[in-house]
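> One structure follows; several queries about it will come next.
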Amino acid sequence: RADLTVLVSQATLSAVAATRATRTDIDDVVGHIELVLRGPAPGGLPVDEIAWAVGASLLGAYRSDPSLASRMEGGSLRPTPRSPLGKIAASVCRRLDEVVR
């Protein structure tokens, strides 16, 4: 059992469908389930509608970072606090702190 499960998904129709299926599979296993979206959506899907389709609260969204994979392979990943990944990571940590209190 988890206090908080964060589903991370791309903002595409196929990713939303897969995330919804995952959300349904883990529904009875975990506590809070929230969604982080990596975007933007190529078709312009609004993030709140994606969260509704998945069936999870939207924790946040961040821009794709094309260099992320190569940076991860090159060593430890250290996102800056002002980077999109750093901001969403801080949001996840704050939310986890709220849930466990």
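> Restricting to segment 69-85, and then to whatever is surrounded by 14 or more Cβ atoms within 10 Å (Cβ to Cβ) and in a helix (DSSP H, G or I), can you tell me which residue is farthest from the chain's Cα centre (by Cα)?
Per the criteria, the residue is R71.
> Among the residues of segment 10-33, what is the count of those that are in contact with a Lys or Arg (Cβ under 7 Å, 6 or more places away or on another chain) and in a strand (DSSP E or B)?
Here the count works out to 2.
> Across segment 6-54, what is the total count of residues that are open to solvent by 30 Å² or more (accessible area, probe 1.4 Å) and without any contact (Cβ under 8 Å) to a residue 60 or more places away in the chain?
Total meeting the criteria: 29.
> Considering each of D65, D97 in turn, give the residue that is over 19 Å from T12 (Cα atoms), open to solvent by 30 Å² or more (accessible area, probe 1.4 Å) and either assigned to a helix (DSSP H, G or I) or touching a strand residue (DSSP E or B) at 6+ places or on another chain (Cβ under 9 Å) (or both).
The match here is D97.
> Then there is this: Of all residues in segment 1-55, how many are under 23 Å from R101 (Cβ atoms) and small (G, A, S)?
2
> Taking the residues in segment 34-57 that are closer than 22 Å to L68 by Cβ, assigned to a strand (DSSP E or B) and not basic (K, R) as candidates, determine which candidate is nearest to the chain's Cα centre (by Cα).
V36
The values are calculated or read from the model by the stated rules, or taken from the named source; none is laboratory data. Keep in mind that this is a model prediction, so the values were computed, not measured. Here Cβ is always computed from backbone atoms with ideal geometry, including for glycine, and neighbour counts include all displayed protein chains. Protein only, heavy atoms only, side chains kept; ligands, DNA and RNA dropped before computing areas. Shrake-Rupley method; radii C 1.70, N 1.55, O 1.52, S 1.80 Å.
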